[in-house]
1. Of the residues that make up region 203-220, is at least one more than 38 Å from the chain's Cα centre (by Cα) and closer than 21 Å to residue 182 by Cα?
2. With (1) loosely packed, with under 11 Cβ neighbours inside 10 Å; (2) modelled with pLDDT of 70 or more; (3) among the charged types (D, E, K, R) as the list, and residue 100 as the residue in question, which single condition is left unmet?
3. Condition first: of a type outside the set (D, E, K, R) and either under 14 Å from residue 202 (Cβ atoms) or assigned to a loop (DSSP other than H, G, I, E, B) (or both). Now tell me which residues in region 159-178 satisfy that.
4. Residues 211, 289: which one is in a loop (DSSP other than H, G, I, E, B) and polar (S, T, N, Q)?
5. Here's a check for you: in region 255-276, which residue that is more than 18 Å from residue 203 (Cβ to Cβ) and in contact with an Asp or Glu (Cβ under 8 Å, 6 or more places away or on another chain) is surrounded by the fewest Cβ atoms within 10 Å (Cβ to Cβ)?
6. Check region 174-195 and report whether any residue there is at positive phi, under 45 Å from the mean Cα position of the chain (by Cα) and surrounded by 13 or more Cβ atoms within 10 Å (Cβ to Cβ).
7. Looking at the structure I just gave you, is residue 241 under 45 Å from the mean Cα position of the chain (by Cα), under 19 Å from residue 259 (Cβ atoms) and among the aromatic types (Phe, Trp, Tyr)?
8. Of the residues that sit in region 146-155 and are of a type outside the set (A, V, I, L, M) and under 14 Å from residue 84 (Cα atoms), which one is surrounded by the most Cβ atoms within 10 Å (Cβ to Cβ)?
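The values are calculated or read from the model by the stated rules, or taken from the named source; none is laboratory data. Every value quoted in this text rests on a predicted model; they were computed, and no experiment measured them. Quick reminder, even Gly has a Cβ in these numbers, built from the backbone with ideal geometry, and neighbours come from all protein chains shown.
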Amino acid sequence: MDKRFLTLFVLTNDASRPRQLRIPFKFLKAGVTAAVLLFAVLTFVVFDYARIRTHSVERYEVQGFASKIRELESQIAKLSNFDRKIRIIANIGDPKGAKDTDVMTGMGGGSPAEDEAYMDGAANGGDLVDKMRSDIKDLEDRAATQEKSFTELQGYLMKQASFLASTPSIWPSRGWVTSTYGQRISPFTGNPQMHKGMDIANRIGTPIVASADGIVVAAGPDPGLGMTVVISHGYGIKTVYGHLDKVLVHAGQKVKRGLEIATMGNTGRSTGPHLHYEVSLNGVAVNPSRYIIN
């Protein structure tokens with residue numbers, strides 16, 4: 001048994017006798033040992049706290065990233081549903097080359113408790129990172145498919161817009177319809193004849209406009225219709241404007257629906273000021289009234 005002591009002398013600044021403090025070595029050893037253990041415990045606690053805090057921050061960031069992935073999935077699903085609605089309205093089929101697996105439907109994330117359980121299960125390894133990589137790859141594929149679908153849809157709608165803009169749909173001039181399309185009695189011969197257009201009467205100088213977008217293919221005198229403008233609208237559609245007074249366009253000029261192209265006159269074989277208006281489809285005259293919606 002160790003009987004040694006550590007003696008400490010306590011001196012004061014007065015004339016009093018110095019005091020002695022005797023500490024047995026066994027107590028000193030025990031104190032040092034306890035201090036070392038306490039330091040070790042404190043060190044472990046500090047490092048463990050730092051590790052847990054760092055892990056919590058990383059975990060929080062990963063959870064936030066996973067939440068963003070779910071939001072993107074939801075947004076792509078909404079875009080897909082919008083795409084499908086437009087295709088149904090426009091009577092367009094699914095994207096070219098699309099498979100059943102490419103059809104995207106609505107998606108929803110799990111509850112917070114389920115997400116937490118998933119995080120706990122994946123936090124011990126690389127499962128979470130692999131899952132997130134897989135989700136990102138899936139999002140990239142779906143986004144590419146959706147972009148292709150929207151590109152196709154845009155092209156179709158642009159063609160439709162061009163077709164609609166090129167289809168006659170407005171009155172070429174204001175006035176009174178004095179003769180409709182179809183069989184009638186000729187005002188010159190008194191015999192039955194096929195009238196290929198409609199006659200709209202008004203005073204000389206009344207504005208005449210293009211009934212649709214197109215290109216002027218003829219602008220000048222005609223033996224029967226007098227001063228005439230012919231516009232090709234594409235898609236096999238043409239319009240003819242006859243008995244004009246003044247022609248305001250020239251051959252080769254592009255025109256827009258509603259642009260003034262001439263003024264009403266009484267040229268050619270005519271009994272009075274009016275516009276002879278024709279619409280033909282693939283070279284065959286059709287009833288112009290079917291192409292007037294306003």
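1. Taking every residue of region 203-220 in turn, none turns out to be more than 38 Å from the chain's Cα centre (by Cα) and closer than 21 Å to residue 182 by Cα.
2. Every condition holds for residue 100 apart from (2).
3. Once the filter is applied, which keeps residues that are of a type outside the set (D, E, K, R) and either under 14 Å from residue 202 (Cβ atoms) or assigned to a loop (DSSP other than H, G, I, E, B) (or both), region 159-178 yields 166, 167, 168, 169, 170, 171, 172, 173, 175, 176, 177, 178.
4. Unique residue meeting the criteria: 211.
5. In this case the residue turns out to be 256.
6. yes
7. Judged against the criteria, residue 241 is a match.
8. 149
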